[in-house]
Amino acid sequence: MSAPARAPAVAGPPRPRFLADASNEKLWDVVVALSSELSATRGRLDALERILTAQGALPAGGVEAWEPSTAAGVERVHEMQDYTRRVFGTLGRD
Amino acid sequence: MLPAVSQLPIGTLPQPWRTIGRHAVLPRLSVDEQARLDASTHLNHFLAQDVVPAMRERFEPAATTSPPANRDQAFALLERDPRYAIWSHLRRHTMELRQQRNLESALRQSDTLAAAGRETLANAPGVALELDPTFEPPAYLVETHAHLLPGGYLTDLGPDDVTVGAAYETSSYAVVPGRSGPHSDGAGRALARWLATRFPGFRPQRILDLGCGAGLNTCAVALAFPDAEIIAIDAGAGLLRYAAARAASLGIHNVRWVQADIENIPARFGAADLAYTAIVLHETSHDALRNVFRGCRERLAPGGLTLHIEQPPYNDRPWFEQCMRDWDGRYNNENFWSRLYELDLCDELSQAGFAPARVFEDAISAVPWNTDAREPGRAEDYGRTGNWQVVGAWSGAS
């Protein structure tokens, strides 16, 4: 049996360049890709909330109404600081 | 006393938006809206704490090898570090994001907030809000959207609109973030503490707050001098409506909120014992500054005091620090920033007619809200940290 035909990762012929700087072109690629990833995450979270609400595990508006405890609030701040450093940490290094 | 509010015990880490002090006209932000702002404040904190020291480490040896002769040359040296362009871009981006998102949130709720403001003022008959429909704002406020707030300070969507004030307060909380206290009144509390320390016997009865904005600092001064009448002047009707409703909601009733030009202080209020600006002058112009100083001299009672709190002057500060401070003047829509911090404000007060022997300057710092909000060795976020200069003068002959 022959191997299933695989589509190439990108369409040919070579992609046109729209921006003067190749690194800018790549940066935009990343921005659009991240945006679609984020959209997927939001869609999944929304689905989860709706399922949990339908099953009675989460009251409607429960996430909006949620107030973290002081301990949870502090943990979330530290987590966000760590997250920021993981993503942007390279800027602080040579 | 303002209502008790808990900020988190996290030192100088960014306070989440939800720790902001609540009142009747504060916009409500959804979980997503809050999360976007919190991500932006953390990015800004990272830029100040991690990237700025790294840029300084590269800048200092280069500046020793080829010393800049002026600030432009210092900027040129800084621009050799590729991180500077990225840092600038991200810093500008975080500023734009918080202004645009906060304004969007306020606009979405503009009808609700207008109704809340109307109701609050209707139930606080003692509160004086004096708007002037014929008022012509100064050009520097019309032409500049200060701090990248779209539309600037003068947005006014209708008779009860408070949108711009709501956007201003929520952005103020996010920009520092939270270090000025839940009510974003760090400069007002600093002024009150400084007066109590330096001139404990000084009890002004009539106080002029020039350029009161959303009244954030005004309320702290009004609380510190509960027996005084505060006349808070600003150009923006939307800001003043918000300020009046906010103050009434917080139980502060000794303020008259007046739409007028701080360059031409109306005479109808009578002589004042204290006339001050709090982090206002950098948004004006050199002509305006001279008019404000002259107006203070004219409107002060004998023995009265004028005070002006601002970022400290550049003077002989290291080039790197000057560049960091001057970034706002170049890229953050601050009209008069760069020029102001090159001026000798004591000399300007003398030129406005105050006796030179009665003119003074001092350092003044924000009063932390949390007792743990001091972190030794922390890199200063220039222009965002509450380390200011106060210049002042007593009226009367030397």
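The values are calculated or read from the model by the stated rules, or taken from the named source; none is laboratory data. As the structure is a prediction and not an experimental result, all values here were calculated from the model. Don't worry about glycine lacking a Cβ; one is built from the backbone with ideal geometry, like all the others, and counts go over all protein chains shown. Keep in mind that these areas ignore ligands, DNA and RNA; they rest on the heavy atoms of the full protein, side chains included. Shrake-Rupley method; radii C 1.70, N 1.55, O 1.52, S 1.80 Å.
A few notes on this one:
- Carbon plus sulfur fraction of accessible area for the stretch B:266-336, probe 1.4 Å, in percent: 44 percent
- Gaussian network model of chain B, Cα within-10 Å springs - most flexible of B:43, B:289, B:349: B:43
- Using the Karplus relation 6.51 cos²θ - 1.76 cosθ + 1.60 with θ = phi - 60°, the per-residue 3J(HN,Hα) values for the stretch B:37-53 come to 5, 5, 4, 5, 5, 5, 4, 5, 4, 4, 4, 6, 8, 10, 7, 4, x Hz, with x marking Gly and Pro.
- If R0 is 30 Å, the Cβ-Cβ spacing of residue B:347 and residue B:271 corresponds to a FRET efficiency of close to 0.75.
- Around the Cα centre of chain B, unit charges on the Cβ atoms of Lys, Arg, Asp and Glu (plus for the first two, minus for the last two) sum to a dipole of about 740 debye.
- Test item: B:41-50 mean partner chain Cβ contacts at 10 Å: 4
- Amide H contacts for residue B:130 (H built 1.01 Å from N in the peptide plane; partners 5 or more residues away or on another chain; cut-off under 5 Å): B:257, B:258, B:259.
- Difference of contour (0.36 nm per residue) and Cα-Cα distance, residue B:135 to residue B:92: 12.2 nm
- Plainly put, the stretch B:122-274 has a radius of gyration that is 0.95 times its Kirkwood radius, both from alpha-carbon atoms, as the Rg/Rh ratio.
- For the stretch A:13-23, putting each phi into the Karplus relation 6.51 cos²θ - 1.76 cosθ + 1.60 with θ = phi - 60° gives couplings of x, x, 5, x, 9, 9, 9, 5, 10, 4, 5 Hz, in residue order, rounded to whole numbers and with x for Gly and Pro.
- Close amide-amide hydrogen proximity is noted between residue B:229 and B:206, B:207, each under 5 Å apart and 5 or more residues distant or on a separate chain (H modeled in the peptide plane; Pro and chain starts excluded).
- For the protein assembly as shown: Kirkwood Rh in Å [reciprocal of mean 1/r, alpha carbons]: 24.6 Å
- Just checking the listed ones, B:311, B:15, B:205: in the Gaussian network model of chain B with Cα springs under 10 Å, the one fluctuating most is B:205.
- Debye intensity ratio in log₁₀ form over the Cα atoms of the stretch B:41-96, taken at each q of 0.13, 0.29 Å⁻¹: -0.35, -1.14
- Options B:138, B:155, B:166, ranked by Cα towards positive dipole end of the stretch B:122-169, top entry (Cβ charges): B:166
- Dipole size of the stretch B:262-368 about its Cα centre, with +1 on Lys/Arg Cβ and -1 on Asp/Glu Cβ: approximately 380 debye, rounded to the nearest 20.
- R0 of 45 Å, Cβ-Cβ distance residue A:23-residue B:205: FRET efficiency to nearest 0.05: 0.10
- Linear extension gain, residue A:71 paired with residue A:42, 0.36 nm per residue minus alpha-carbon span: 7.8 nm
- Estimated purely from DSSP H runs of n ≥ 4, each contributing -39500 (n - 2.57), the mean residue ellipticity at 222 nm for chain A is -20500 deg cm²/dmol once divided by its residues.
- Debye intensity ratio in log₁₀ form over the Cα atoms of chain A, taken at each q of 0.12, 0.24 Å⁻¹: -0.79, -1.28
- Among B:206, B:246, B:83, the largest mean-square fluctuation in a Gaussian network model of chain B (Cα springs under 10 Å) belongs to B:83.
- Descending by average beta-carbon neighbour count within 10 Å, the peptides B:162-173, A:22-33, B:120-131 line up as B:162-173, B:120-131, A:22-33, the highest first.
- In order along the stretch B:97-114, phi translates into HN-Hα couplings of 4, 5, 5, 5, 5, 5, 5, 4, 4, 5, 5, 4, 9, 4, 5, 4, 5, 4 Hz, rounded to whole numbers, per the Karplus curve 6.51 cos²θ - 1.76 cosθ + 1.60 with θ = phi - 60° and x for Gly and Pro.
- Note on residue B:66 and residue A:93: their simple-model spin labels are 2.9 nm apart, each label 7 Å out from Cα toward Cβ.
- Each Lys or Arg adds one and each Asp or Glu subtracts one; over the other residues with Cβ under 13 Å from the Cβ of residue A:85, this totals -1.
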